[in-house]
Structure formats: C-alpha cells, structure tokens
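See below for the structure under consideration.
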Amino acid sequence: MTSATGTTRAPAPTANTAEAAPAPRPSALPSLTGLRWVAAVLVFGLHVHNFGYFGGTGGRIMAWGFGAGANGVSFFFVLSGFVLMWSARPRDRAMAFWRRRVARIYPVHLVTAGIALVMGFTLSRQMRPTPTSALANLLLTHSWWRPWWQTLDPVSWSLACEAFFYAVFPLLALGLRRLGARGLSAVAGLSVLTVAALAWSDAHHWLSQPVYSFPAARLPEFVLGAAVARLVSLGRWRGPGTEASLALTIIGYFLVPQVTPGYAATVCTIVGFALLIPAAAVADLRDLPSLWRHRRLVRLGELSFAFYMIHLLVLRAGINLLGKSPHFGVVAGLTATAVAFTVALGLAWLLYEGVERPARDLLLRRRSGKSRARVTERAGGVVHRGQGR
C-alpha cells in the first residue's frame, strides 16, 4: 500500500452476480495505511506492558490501555485479506503474486532474523535458537510447531501465518470472484462463526494445542477480510460508517479482559475490524473525512511493518540495560518507553528506506525487466514476420 490519496467514487451497486464489473478503482487506500500504524502501536504498548516497564498505577493504566494489544495482530490478518483481495489482478498468475509477496516481506524478515541471531550469541539473557528452529524461522514454517513459534524475532510468528495465507490466496481469490453478494456475505458470516467456534474450543482446551499462533486457525480472519473487500469492490457493501465501526471496535477491544487470554480474545474485536476496515476504505473511495488519512499517520503506516518487526528486539535488548521487569514509576517508565519507541522508530525508518523499499524494487524490477524484454522480443518477431510477407 502507498500513501497516495484518491478521489474516485465508490463503485455503483451492480447486479447480484459474480461477474459484475465494478468501475475502475484506485489501488491505494491511505486510511488503511494509517490504521496499520495504530495496530502496530497497540502491539508495541502490549509488549512494553509485558516487559514490566511500569509498576503500581502506571502498570495498571498500561494493562487497561494495552492489555488487549495482541488483537492488533488480528487486525493485521483481516487487513491483509482485504488489501490483497482489493488489489488482486484478475489475470495474475500465482507465481507472480507469490513473487511480489516475498519481495514485500522477506527482506525485512531476513534482516531482523539476523539481528536476533546476533543478539542471541552476543548479549546475555537472550534466547539462542537450535539450528532446526532457526531454519524453520527462515522458511516461515516455525508457527506450525508450537515449541518454535517465537524463534529468533518472536513477532515473526505472524509472518509464518501470512506465508500460509499467501499460499492459499490464489485459490481463495478464484473462488471469491465466482460468488455474488449473498455468497460473499455468507463467507464473511461463516468466517466470523469459525473464529467464535475456535475461540470457544481454545478457551475450553478442546484442542490438542493452543491455536493462537497456528496458521490454519488464523485463516478465517484473512478470509473474512478478503470477502468484505470483494463486497466493497462490487459496490455491495452495506456496513456502518467509520464512526459507528470505530465505536464497535473500541467496545470490543475493552471487552477483551473479560474473556480467556489468548486466541479467545479474537472474538471480541473480529466484528469491529470487519466493519472498520471496509468503512475506512469506502471513506477513501468517496473522499469522505477520515482521521486515518492524515499525511503523517499514513507515513507512519508505511513504516509500520518494519516497526512491528524491530520493536520487540529493541525491548529485548533493553533488558541488558534496564533489567527484567524493572517496574519503574510513571516518570521513569514513560522515559524508558519513549527511548525504546524512538529507537525502534528510527531503526524502522532505516529498515524501510535501506532494506524494505530498495530490496522490493530490486527484486521486482529484475522480473519486470525480463517480462518487458520478452514482450519486446515477441513484438519484434511479429513485425519481422509481417514485413517478410
């Protein structure tokens, strides 16, 4: 996603058929980029709380404000399904799609995994992976085996889930394009019910292992995002606006402490996310007011992936300076948090400008250059044959 804004109006409602052809639409939805930053900050706040930067009243405030921050990852999963379905190219080949996704996430993953590996062997109080678990992490398969799910950079477990989503997306997109509005609504509803069923099962220990980090268990969130994206693209989305959607999301967020910790918390916010994301997208399409479209927030959203991937490594490195669970007072806790945030954001900028963007451009430019060469060669062949007749 980019930070470009667009004034294209939402597609007009069409017939309830899978072949309905919506009007041309912009691929960039800046409000969604801004929302990505908010989700990343929630995850950061959760980890600051978990690392015990605050004690007493400060700790209770952090628990109240960021104790449900893990649901920011659920937001990422729903958003990923929405964005990929929204920007999917109908005639795109699976290999071309997978190549773009690798170019998007793997360079930063590789660098942060390398940083985590160096930290494990140079700093005290750091986890050292086994060769097998490290290899699984590099191959983005480590979340399939619970003992490995936080190998190297712990937050990369969600990338293993995303890798699974990418693997099934070409088939998913093909199926969703064949559905009309009613079918898509049924898929979205079934996805929500599946999340609720998995949450109930996880909370009651009916499954053999926790499903929080299990890629297949997180797939319904991705499918939900893809289904509502298709509804928006067909002009058949009938959800509430951004204000009501945000209110429902906030209510669900603060309900999280009332349920069993872990995957079960996902059910509290899944409906809010499924309403807020398309509402923000429609606001961009119709050029309606949107807090999330602010230029600076969109810029931070562009850095959100790199920030997400580096922030926990910064906090883990801080253990060597601050100790484990220091439980500072409010002033000292805010100071430590501000320093960690600033360092993480600075490193995120370096990762984005020095790794993410150039590596993506390099990997995709090589391929696009070869494609253009083949097209030119074929065109030249046609001209040559025509001239010879």
May I ask for the angle, rounded to the nearest 10°, between helix 56-66 and the longest principal axis of the chain, with both axes built from Cα atoms and the value confined to 0 to 90°?
20 degrees
Specify the angular offset, from 0 to 90 degrees and rounded to the nearest 10, of the alpha carbon long axis of helix 266-285 from the longest principal axis of the alpha carbons in the chain.
50 degrees
Any chymotrypsin sites (Phe, Trp or Tyr not before Pro) in the range 63-166 that lie in a DSSP loop and have at most 16 other Cβ atoms within 10 Å would be 145
Run the numbers on the chain and let me know its relative contact order in percent, using alpha-carbon pairs under 8 Å that are six or more apart.
30 percent
Which percent of the accessible heavy-atom area of the chain goes to carbon and sulfur, probe 1.4 angstrom?
65 percent
Computed, not fitted: 222 nm per-residue ellipticity of the chain from DSSP H runs ≥ 4 (each -39500 (n - 2.57)), nearest 500, equal to -23500 deg cm²/dmol
Round to the nearest 10 and give me the degree value, 0 to 90, for the angle of helix 157-177's Cα axis relative to the longest principal axis of the chain.
30 degrees
In nm, the gap between the two label points placed 7 Å beyond Cα toward Cβ at residue 325 and residue 186 is 5.1 nm
Non-local residues with an amide H under 5 Å from the amide H of residue 328, with H modelled 1.01 Å from N and Pro and chain starts lacking one, are 54, 55
Ignoring ligands and nucleic acids, what accessible area does residue 363 show with a 1.4 Å probe (Å², nearest 10)?
80 Å²
Could you give the dipole magnitude of the chain about its Cα centre, charging the beta-carbon of Lys and Arg +1 and that of Asp and Glu -1, in debye to the nearest 20?
1580 debye
In Å², and per residue, what accessible area does the range 109-180 have when probed at 1.4 Å with the other protein chains present?
48 Å²
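The values are calculated or read from the model by the stated rules, or taken from the named source; none is laboratory data. Computed from a predicted model, the values in this text were never measured in an experiment. Positions of Cβ are backbone-derived with ideal geometry, glycine not excepted, and every protein chain shown enters the neighbour counts. These area figures cover heavy atoms from the full protein model, side chains too; ligands, DNA and RNA do not enter into them. Shrake-Rupley method; radii C 1.70, N 1.55, O 1.52, S 1.80 Å.
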